[in-house]
Amino acid sequence: MGERIYVIAGKNESLVNARCQELLDELLEPPQRMTALLTVDGDEASISDVLDELRTMPFLADKRVVAVRGADDFISKHREILEGYFEKPSTTGILIMTVSTWDARTRLAKRLPTVGTLIEMEQPKRWELPSHLVQHAAERHKVKLDRDAAEMLVELIGEELAQLYNEIDKLVLFARGEKVIRLQHVESLVGRSHVYGAFEVIDAVVCGDAARAVTRLRHMFEEDREAEYSVVGAFAFHVRRMFNAKRLLEKRVSPEVIAKQLRVGYNRNQFFAQLQRISLPQIASFLEELAAIDYATKTGQAHAPVAIEQLVLRLAGVGSPARAAQS
């Protein structure tokens, strides 16, 4: 008979919703959704409407799908009726419910394995994200996502899986049927403008030119409304590259080898000129400041554009590498 009921459980709402959308894409072709899909919020869902829809014969499709999002209260309110439905689900309807928690001790949970599937969504740790994205691209799009490309996506976009999945969707279209998504694709579509913008801002910072740094930073936000979600990652990507390059330089590794190893493909001379004007402790301090901003913005304690501009003004001011060299 196949799976008739899916429960997608997880604390991260965006992650759960992204998995729900993937499942809907697997179950129904786009033309079928007009007549064979009902999506409702749990706090607005009527149990009678949900069951009627599930039991109605499908039209222009082989199944009907009902997705109840945020169904925790819906399940608690209609538990007994749902228990009856779990005993004898519709043969032509598929029920999907997304929840924040799923109690394994309940009758519904014990019955679910015989009629459906529990999909538990846990946010991968930061270090697990690149591998997770590689697997997602292979399973979802049948393409290979290079590890370096996955790493850069996480650096630029952050740890929000729904946003990362969305970027991979765009990269697949951008790659135009290619079987491998490489670092160059990410740089061209996602990172080029942000990373280069961060490069220019940092160049102004290490020169002690606060006006130029702030002007370029504000242009980044004006050019892309979504920049505030990725600007910290763009700065961290470039500063981390500076940190690694500076360490290698201090070990007397040649700039040519460093550029190849760290993939410094554009403005190479300017990149190494930046490194001559800034010390390793200063770069490390810059990274620590960015990590603090990243945490503050994710926890609602700061707004990225404001926090980054304050940091840029501070670093390009009295504490800038250029001013330190002068003194």
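Values quoted throughout were computed directly from the atomic coordinates according to the rules given, and no laboratory measurement underlies them. What you see is a predicted model, and the numbers here were worked out from it, not measured in a lab. Here the Cβ positions follow ideal geometry from the backbone for every residue, glycine too, while neighbour counts run over all protein chains shown.
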Nonlocal amide H pairs with residue 39, under 5 Å, H built at 1.01 Å: 67
Nearest 10 degrees, 0 to 90: helix 227-250 Cα axis against the chain principal axis: 50
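Mind checking the stretch 202-254 for trypsin sites (Lys or Arg not before Pro) that DSSP puts in a loop (not H, G, I, E or B) and that have at most 14 other Cβ atoms within 10 Å?
Within the stretch 202-254, the qualifying trypsin sites (Lys or Arg not before Pro) (loop, at most 14 other Cβ atoms within 10 Å) are 225, 251, 252.
Based on the Cβ-Cβ distance from residue 263 to residue 100, what FRET efficiency comes out when R0 is 35 Å, to the nearest 0.05?
Numbers: r = 41 Å, r/R0 = 1.16.
Once the sixth-power term is evaluated, E becomes 0.30.
Net charge around residue 54, counting only other residues with Cβ within less than 11 Å of its Cβ (Lys, Arg = +1; Asp, Glu = -1)?
On the way: positive: 4, 55, 63, 64; negative: 49, 52, 53.
Local charge sum for residue 54: +1.
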Cα lying deepest toward the dipole's positive end in the chain, options 27, 236, 173, charges on Cβ: 236
Reachable lysines from residue 246, criterion Cα separation under 17 angstrom, eight or more residues apart if same chain: 260
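Taking only C-alpha pairs under 8 Å that are 6+ residues apart, what is the relative contact order of the chain in percent?
So the answer I get is 15 percent.
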Charge dipole (the chain, unit charges on Cβ, about Cα centre) - positive-most of 135, 8, 18: 135
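About the Cα centre, and with charges only on the beta carbon of Lys, Arg (+1) and Asp, Glu (-1), how big is the dipole of the chain? Nearest 20 debye, please. Intermediate results must be reported in sequence, preceding the final value.
On the way: 43 positive and 47 negative charges, 263 e Å.
It comes to approximately 1260 debye.
When 312, 50, 180 are ordered from fewest to most other Cβ atoms inside 10 Å of their Cβ, what list results? Don't skip to the end; give the middle numbers.
On the way: 312 21, 50 24, 180 12.
Going from least to most buried by this count: 180, 312, 50.
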For 72, 25, order by how many other beta-carbon atoms lie within 10 Å, fewest first: 25, 72
Which labelled figure in [x] 255; [y] 137; [z] 162 is volume of the Cα convex hull per residue in Å³, once derived from the coordinates: [z]
Under-5 Å amide H pairs with residue 8, H placed in peptide plane, nonlocal only: 97, 98, 99, 119
Lysines whose Cα lies under 27 Å from that of residue 142, excluding same-chain neighbours fewer than 8 positions away: 63, 125, 170, 179
Cα centre as origin, Lys/Arg/Asp/Glu Cβ charges: the stretch 59-214 dipole, Debye: 800
Crossing angle, helix 161-174 versus the chain [Cα axis fit, 0-90 degrees, rounded to tens]: 80
Ranked list, fewest to most other Cβ atoms within 10 Å of each Cβ, for 127, 102: 127, 102
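Treat every Asp and Glu Cβ in the stretch 1-109 as -1 and every Lys and Arg Cβ as +1, leave all other atoms uncharged, and give the resulting dipole magnitude about the Cα centre to the nearest 20 debye. Spell out each step's value before the answer.
Numbers: 13 positive and 19 negative charges, 55 e Å.
In debye, rounded to 20, the stretch 1-109 gives about 260.
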